[in-house]
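Taken together, the values in this text are just the output of simple stated rules run on the coordinates, not laboratory data. What you see is a predicted model, and the numbers here were worked out from it, not measured in a lab. Counting neighbours? That spans all protein chains shown, and the Cβs are built from the backbone with ideal geometry, glycine included.
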Amino acid sequence: MVKEIESTGLPIVHMCTVVPISLTVGANRIVPTVAIPHPLGNPALSQEDEKELRRKLVRKALMALETEVDGQTVFDQ
Amino acid sequence: MRLEIGNINIKDVQLGNETKVEKGVLYVNQEELAKVTGDDERIASVEVYLAKPGEETRIIPVKDVIEPRVKVSGSGGIFPGFISKVDTVGEGRTHVLKGAAVVTTGKIVGFQEGIIDMSGPGAEYTPFSKTLNIVVKVDPIDGLHQHEHEAVVRLAGFRAAAYIGEAGRNVEPDDVQVYETKPLLEQAAEYPNLPKVAYVYMLQTQGLLHDTYVYGVDAKRIIPTLIYPTEVMDGAIVSGNCVSACDKNPTYVHQNSPVIHDLYELHGKEINFIGCVITNENVTLADKERSSNMTAKLVELIGAEAVIISEEGFGNPDADLVMNCRKIEKKGIKTVLITDEYAGQDGASQSLADSTPEGDAVVTAGNANEVITLPPMKTVIGYPEVADVIAGGSAGSLKEDGSITAEIQVITGATNELGFNYLTAKGL
């Protein structure tokens, strides 16, 4: 889906846990997430901390969307 | 470590007044077995059934299959960390009631449980249509949390298998097989001219009812480690898995891993089988990276020149398989991978979730998405309605006449990734 949408000219950020699979399938902007059962959350955190975690991930994804890339890039900073 | 496996060939199983083996017939005292199996306050009821090859019987949902065994000499006991203390197993002598199996069923724990048909087309897909099955239907008390329910049924199965296995303690086995792996340096020196081959044994540990245990430890909490292959054969690894029935390793398969048996078969003839590394399949990238790094390092450390890597389950564990392959190959060590495929019902889709050019020697155990119709059976042990919810089934899988149309994913062991299955392919 990442590749199909991108082929129409829309930039795409793939948020996923298993980055190597994303690299294999050819995503260009990759934001690593938390864990396979809960990519954008963490049930071990308090509700407040989890909200902050989610906010950070979404912000990072938006930042990745705005970033010019030259080939496959993992936003893991 | 040197382990003797004494096989007591069981030709028939019958209910009787005493649990014993006599002239190849296993007699089971139904009441005693139910009492031992149900010895847990979280269990509401236990029912015992027999299911024999050729009968028109279906068992659904199948949670685990366990081989009844008894440790007659050497350290440790059956299922260390669960039934016995955690003493190291893998040496001495273990008696096996060969041909018999304990099958656990009951109210469904997780949605990924299986089906065993004792006859008909489904029987050709499961190795457990050929075993004499003692089925224990274990139902828990109300209100039990799902994870506790899993533990309850898992332990009940082990108690049942240990109780039945005890009947083989003083029986002279029909044959005794000896398996031995020496301490590493000694083992490496024994056959200096043969290629040193190791086995990387991936264990399903995704959590959410997808768990495997090593000496009682949840394997998602281990870092990869070395284990004597005879420890595996002797019950050190057990299943706590409700992952798709076709390609999980029931405890019986861990006890009888064909990969380990075949490596021993070639040991000293074509290869020097130097050891086994167990690793896990966890759900965070850091875990996957750490475990595959450790696995590659251990394989290098023991001096392997080639390894066989087997996967358990599918989906994100494909990424672990590929990482293990790539990192081991990068060290100049050859790999052969064993997996299965989810290539769609027409077989035309991508088979694995991940791939690598280094994975150039791969054995497949079959396409789990193939569709099959299982005809109605005279007897159904368990709860047939779960056919609509188990992985590989869908709403409407169970027809009014009792037949089931679903993917072979629903059949216990259909595409087992240790090769403990019957699917084969022929070139045209």
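Listed by Cβ neighbour count within 10 Å, with the fewest neighbours leading, B:HIS267, B:HIS261, A:HIS14 appear as B:HIS261, B:HIS267, A:HIS14.
Taking each DSSP H run with n ≥ 4 as -39500 (n - 2.57) and averaging over every residue of chain B yields -6000 deg cm²/dmol at 222 nm. Among the trypsin sites (Lys or Arg not before Pro) within the range B:44-131, those in coil by DSSP and having at most 12 neighbouring Cβ atoms inside 10 Å are B:LYS85.
Sorted fewest first by neighbouring Cβ atoms within 10 angstrom, B:ASP318, B:ASP287 come out as B:ASP287, B:ASP318. The loop-placed GluC sites (Glu not before Pro) in the range B:326-425, going by DSSP, that have at most 14 neighbouring Cβ atoms within 10 Å of their Cβ come out as B:GLU400.
Among DSSP beta bridges whose residues both lie in the range B:2-410, state the antiparallel percentage, nearest 5. Counting only bridges with both partners in the range B:2-410, antiparallel ones make up about 50 percent. Of the trypsin sites (Lys or Arg not before Pro) found in the range B:247-344, those in coil by DSSP whose Cβ has at most 14 other Cβ atoms within 10 Å are B:LYS269, B:LYS331. Spin-label pair B:GLN345-B:ASN293: with each label point 7 Å from Cα along the Cα-Cβ axis, the two points sit 4.4 nm from one another. Structure remark: mean-square fluctuation, Gaussian network model of chain B, C-alpha springs under 10 Å; the largest value among B:SER129, B:SER84, B:SER244 belongs to B:SER84. For B:LEU337, A:LEU45, the sequence from fewest to most other C-beta atoms within 10 Å is A:LEU45, B:LEU337.
For chain B, which DSSP H helices look membrane-span-like by this rule: Cα extent along the axis of 27 Å or more and mean Kyte-Doolittle of at least 0.0? Within chain B the helices that satisfy the rule are B:146-165. Using only side-chain charges placed at the Cβ, +1 for Lys and Arg and -1 for Asp and Glu, the dipole size of the protein assembly as shown relative to its Cα centre rounds to 640 debye. Based on C-alpha pairs under 8 angstrom that are at least 6 apart in sequence, chain B has a relative contact order of 19 percent.
Averaging Cα coordinates gives a centre for the range A:5-75 and one for the range B:1-61; these two points are 51 Å apart. Students often get this wrong: which residues of the range B:228-272 have the backbone nitrogen under 17 Å from the point 7 angstrom along Cα-to-C-beta of B:LYS130? Residues B:250, B:252-262 qualify, since their backbone N sits under 17 Å from the label point. Placing unit charges on the Cβ atoms only, positive for Lys and Arg and negative for Asp and Glu, gives the range A:2-74 a dipole magnitude near 100 debye about its Cα centre. The DSSP beta bridges internal to the protein assembly as shown are antiparallel in roughly 45% of cases.
With the helix formula -39500 (n - 2.57) applied to DSSP H stretches of n ≥ 4, chain A reaches a computed 222 nm mean residue ellipticity of -12500 deg cm²/dmol.
Measuring how big the range B:2-410 is from its alpha-carbon positions, Rg and Dmax come out at 20.8, 64 Å.
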